[in-house]
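Only one structure is covered here, and it is reproduced in the block below.
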Amino acid sequence: MIDNNKLILNFKSRIGIFCCLTIIGVFISGFLAQIIAFIWGESSTTLRISTVIQNLLFFISPAIIIALFITKLPADFLQLRKTPTLKSVILTILIIVLSIPAMNYIIYYNESVVLPESLSGLESSLKALEESSRRQINILLGEPTFGGLILSILIVGVLTGLGEELFFRGALQNILRTRPMNPHCAIWITAIIFSALHFQFYGFIPRILIGAFFGYLVLWSGSIWLPIFAHALNNTLVVISMWFVNRGIMTTDINKVGITVLAIDWMMVVVSVIATIIVIIVLRKELLLNNR
């Protein structure tokens with residue numbers, strides 16, 4: 001529970017300042033990324049540098065600055081003090097792994113959405129944006145060396161997991177909770193914004209779900225570290241999978257597990273859904289017990 005008595009300013013001022021800090025971060029990080037791309041061109045190195053800058057200026061800085069600005073206990077506001085137990089970490093790993101087929105099916109369904117004929121122009125724009133994003137990801141993660149893999153894990157996995165969770169769950173979700181609001185509303189509003197700011201329509205629904213899961217991890221555990229770990233793990237699995245596929249070590253991308261060229265492996269998807277729900281229930285009990 002966020003203690004409003006320990007916070008400075010009212011809700012409108014808090015959310016207003018946070019939005020201003022975010023806009024400034026977007027502008028500066030975007031400007032620097034354009035300069036880097038103009039000087040050195042588009043390559044895995046320049047995209048990595050741009051990703052680091054984005055995480056530092058767009059995500060991490062606004063979260064830390066707003067916490068310092070509105071409270072004398074910024075670590076408490078961002079929920080940085082409490083660390084997760086080994087059992088909760090293991091259960092979180094299980095959930096991320098078990099949910100892969102179910103999430104892949106949701107992604108497959110989301111990608112199959114066809115807009116009405118009257119919105120064909122918008123659909124073309126969304127697909128072009130999606131293709132541009134996919135191309136940048138392939139460049140970012142396409143370096144075949146082991147050193148490139150480690151850099152991708154550190155930047156796309158660890159740093160992005162840290163930055164996005166501090167911004168969305170540490171700052172935004174907790175600012176929303178400083179207003180008299182059902183915590184579930186704060187979690188789902190944050191998850192929707194989290195998904196929207198990725199600007200990928202064909203991954204919108206699954207990203208909302210995973211964002212909500214991260215939000216509930218904070219709510220149940222009272223700590224930002226568990227969603228940071230879960231987010232970093234999720235990204236890292238994708239990075240490693242793409243690296244193995246690009247090197248020919250694996251023939252199936254982790255994003256295709258449960259989905260074949262001709263059909264959906266319904267049994268795998270159903271088992272994935274049931275197993276994921278069961279482990280989430282167990283994790284919730286464990287986290288609430290430890291957070292009591």
Q) With respect to I264, is the statement that it is free of Cβ contacts under 8 Å to residues at least 24 places away in the same chain, surrounded by fewer than 17 Cβ atoms within 10 Å (Cβ to Cβ) and farther than 21 Å from T51 by Cα true? A) no
**Q.** Residue that is farthest from T83 (Cα to Cα), among those in the stretch 220-249 that are touching a Gly at 6+ places or on another chain (Cβ under 6 Å) and part of a helix (DSSP H, G or I)
**A.** V239
Q) So is I205 within 22 Å of I60 (Cβ to Cβ), in contact with a helix residue (DSSP H, G or I) (Cβ under 9 Å, 6 or more places away or on another chain) and of a type outside the set (F, W, Y) or not? A) no
Q.
Residues that are open to solvent by less than 20 Å² (accessible area, probe 1.4 Å) and more than 19 Å from T160 (Cα to Cα): list the helices (runs of 4 or more DSSP H) wholly contained in the stretch 55-114 that include at least 2 such residues.
A. 61-70, 86-98, 100-111
Q | Options L209, L217; residue that is open to solvent by 40 Å² or more (accessible area, probe 1.4 Å), within 28 Å of I240 (Cβ to Cβ), part of a helix (DSSP H, G or I) and aliphatic (A, V, I, L, M) | A | L209
Q | Total residues in the stretch 10-29, condition open to solvent by 40 Å² or more (accessible area, probe 1.4 Å) and touching a Phe, Trp or Tyr at 6+ places or on another chain (Cβ under 8 Å) | A | 2
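Conditions (1) more than 30 Å from I139 (Cβ to Cβ); (2) among the charged types (D, E, K, R), marked per residue:
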residue: Q34; (1), (2): no, no
residue: F38; (1), (2): no, no
residue: S44; (1), (2): no, no
residue: Q54; (1), (2): no, no
residue: F58; (1), (2): no, no
residue: F69; (1), (2): yes, no
residue: D76; (1), (2): yes, yes
residue: K82; (1), (2): yes, yes
Q) Out of curiosity, is I189 modelled with pLDDT under 95, over 13 Å from the mean Cα position of the chain (by Cα) and either β-branched (V, I, T) or under 20 Å from L73 (Cβ atoms) (or both)? A) no
Q | Single condition F201 does not satisfy, out of (1) modelled with pLDDT under 85; (2) open to solvent by less than 20 Å² (accessible area, probe 1.4 Å) | A | (2)
Q: Consider only pairs whose beta carbons are under 7 Å apart and that are at least six residues apart or on different chains; among these, list those whose first residue lies in the stretch 128-140 and is within 20 Å of V52 (Cβ to Cβ) and whose second residue is open to solvent by less than 70 Å² (accessible area, probe 1.4 Å) and among the aliphatic types (A, V, I, L, M).
A: Q136/L47; I139/L47; L140/L47; L140/V156
Q) Can you name every residue in the stretch 134-145 that is in contact with a helix residue (DSSP H, G or I) (Cβ under 9 Å, 6 or more places away or on another chain) and either among the aromatic types (F, W, Y) or assigned to a helix (DSSP H, G or I) (or both)? A) Q136, I137, N138, I139, L140, L141
Q: Report yes if S124 is open to solvent by less than 50 Å² (accessible area, probe 1.4 Å) and hydroxyl-bearing (S, T, Y), otherwise no.
A: no
Q.
Whether any residue in the stretch 123-132 is among the small types (G, A, S) and part of a loop (DSSP other than H, G, I, E, B) is what I want to check.
A. no
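The values are calculated or read from the model by the stated rules, or taken from the named source; none is laboratory data. Just so we're clear, the structure is a prediction, and the values are computed from it rather than from any experiment. Methodologically, a virtual Cβ is constructed for each residue, glycine included, from the backbone with ideal geometry; neighbour enumeration extends over all protein chains shown. Calculation scope for accessible area: heavy atoms of the full protein, side chains included, ligands and nucleic acids excluded. Shrake-Rupley method; radii C 1.70, N 1.55, O 1.52, S 1.80 Å.
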